1. I'd like to verify a number: residues in the range 59-78 that are surrounded by fewer than 16 Cβ atoms within 10 Å (Cβ to Cβ) and touching a Pro at 6+ places or on another chain (Cβ under 9 Å), how many?
2. Six or more apart or on different chains, Cβ atoms under 6 Å: show the pairs whose first residue is in the range 171-194 and in the same structural domain as A106 (by TED's automatic domain parsing) and at positive phi and whose second is part of a strand (DSSP E or B) and of a type outside the set (F, W, Y).
3. Check the range 82-96 and report whether any residue there is under 13 Å from the mean Cα position of the chain (by Cα) and under 30 Å from S284 (Cα atoms).
4. Can you tell me which residue in the range 79-129 is surrounded by the most Cβ atoms within 10 Å (Cβ to Cβ), limited to those that are of a type in the set (F, W, Y) and part of a helix (DSSP H, G or I)?
5. What is the number of the single condition among (1) outside the structural domain of L17 (by TED's automatic domain parsing); (2) closer than 23 Å to R310 by Cα that A44 does not meet?
6. Which residue is surrounded by the most Cβ atoms within 10 Å (Cβ to Cβ), if the candidates are limited to the range 230-285 and must be outside any loop (DSSP other than H, G, I, E, B) and polar (S, T, N, Q)?
7. Would you confirm, using the coordinates I've provided, whether G136 is under 29 Å from N223 (Cα atoms) and more than 8 Å from the ligand (Cβ to nearest atom)?
8. Given the condition at negative phi, in a helix (DSSP H, G or I) and out of contact with any strand residue (DSSP E or B) (no Cβ under 7 Å at 6 or more places or on another chain), answer yes or no: does some residue in the range 53-75 qualify?
Amino acid sequence: MSGRPPKHSPIERNADLAAYNTYGLPGRAAFLMRVHTVSELLEACAFARDGGLRSAVLGAGSNVVIDESGYDGLLIVNRIYLVERRDENRIEVGAGVDLAELVGFAQREGLSGLERLAGIPGSVGGALFGNAGAFGVQIGELVERVGYVDPNCRERTAALAELAFGYRSSAFKRGELGGVIASALLRLRAASPAQIAAAMEETLAARAGKHPAGASCGSYFKNVEADQLEPEVRARLSAWIIFNRIPAGRLIEEAGGKGMRAGGAMVSAQHCNFLLNEGNATGSEVKQLARQVKKLVRDRFGIELEEEVRYL
Ligand SMILES: Cc1cc2nc3c(=O)[nH]c(=O)nc-3n(C[C@H](O)[C@H](O)[C@H](O)COP(=O)(O)OP(=O)(O)OC[C@H]3O[C@@H](n4cnc5c(N)ncnc54)[C@H](O)[C@@H]3O)c2cc1C
C-alpha cells in the first residue's frame, strides 16, 4: 500500500463495519475514512487513487448489505455537513446531513416539499443516490443541482437533467455518473411552518406501525412497474396495482415467502418486502434469502424482482 496518508483525517485500518449499517451486519474495510468537508473528501479520493485502491462511499448505511468477506479498499463515510438557506426558496445541503435534519430545517424555514420524506432514515447523499421517496414524493423532484467529486478526484456539478432521476434510481445509481455526492441545491416552495409540521406528523403517523421493528434496510426490492410487465401478467395481477406499481411485498406474500429464512435472516411476517436480520445474520445469509425470495416470485408469477438495496 503506497498511498500518501491524508494530513488531517485519520484513516482507520481493518475497520469494523457493523456500526456503519442499519442491518448491523459484520464485515471489515481495509481502510475507512470519515469525511466532514469537501477537502477531506478530495484527500480521501487522492489516497485511494494514489494507492491504487478501489473505493466506495457510505452514508448512514440504511440501504446496503455488507458482506462478511469485507471490503478490500477504502470506504469513505460521508459526513459532509452544511444546511443553509440560499434565497427565498432554495436550500443548500451537505450530502452527509441526516435527511431528517434537512426535513426539520425546511419546516422551520417555512419551505415545503420535503415533508412526505419525514421518517426515511439515511443521509441526503444516500437519498439522492437512490432517489428516496415516500407517499408519491421523491427527493429528485426537488433538486436543482448536485455537487460531487468524480472518480478522478475533480469537483464537479451535475444539473437536474444529467441526474436523470427515476423510480429509486439516478444517474449515480445506474453508473452513468460516478464518484461521491458532496452537496445539493434544492428548490422548495414557501408555506406556513405549521402546515408543513402537520403534513410531517401525518406522514410519520402513516409510517408508524407499517414498518416492522428489527434490523433491516427498509424495502429490499423495488416495487414492480406495471407497464414493464407482459400484458397478460399485468391483466392477471391488475387488482394489486397501486399508482402503476405492484408492491414487491404483495408478490412475496402471495408467493408464500412470509417467514422464509436463510440462517439468521428472515422475511418479515408483517411486511414481506422487509428482510430482517434476526440477530446474527451475515450478509451472505441476507443475500441467500433474497435469492430464495426472487426464485419464489419468479416461479409463481414469472416476475423478476430487482433489488433496491446495494451490495458492498
Ligand atoms: C426502516 C427503514 C425504512 C425505510 N424507508 C424508506 C422509504 O420510505 N423510502 C425510501 O426511498 N427508502 C427507505 N429506506 C431505505 C433508505 O433509508 C434510503 O435508501 C436512504 O436514502 C439511504 O441513505 P443512506 O445514507 O443510508 O445510504 P447508504 O445505505 O449509506 O448507501 C446506499 C447507496 O448509496 C450510495 N451513496 C450513499 N451516499 C452517497 C454519496 N454521498 N454519493 C454517492 N453515493 C452514495 C452508497 O454507495 C450505496 O450504494 C428505509 C430504510 C429503513 C432501514
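1. Residues in the range 59-78 being surrounded by fewer than 16 Cβ atoms within 10 Å (Cβ to Cβ) and touching a Pro at 6+ places or on another chain (Cβ under 9 Å): 1 in total.
2. From the range 171-194, the pairs are G179/V149.
3. Yes; the residues of the range 82-96 include at least one that is under 13 Å from the mean Cα position of the chain (by Cα) and under 30 Å from S284 (Cα atoms).
4. It comes out as F129.
5. All conditions are met except number (1).
6. Filtering the range 230-285 down to residues outside any loop (DSSP other than H, G, I, E, B) leaves 231-236, 238-240, 242, 245-246, 248-254, 261-262, 265-267, 275-277, 283-285.
Keeping just the survivors that are polar (S, T, N, Q) gives 238, 277, 284.
Values: S238: 11, N277: 24, S284: 16.
Applying the filter and picking the extreme gives N277.
7. Working: under 29 Å from N223 (Cα atoms): yes; more than 8 Å from the ligand (Cβ to nearest atom): yes.
Yes: the conditions hold for G136.
8. no
The values are calculated or read from the model by the stated rules, or taken from the named source; none is laboratory data. Since we're looking at a predicted model, the values are computed, not measured. We place every Cβ from the backbone using ideal geometry, glycine too, and count neighbours over all the protein chains shown.
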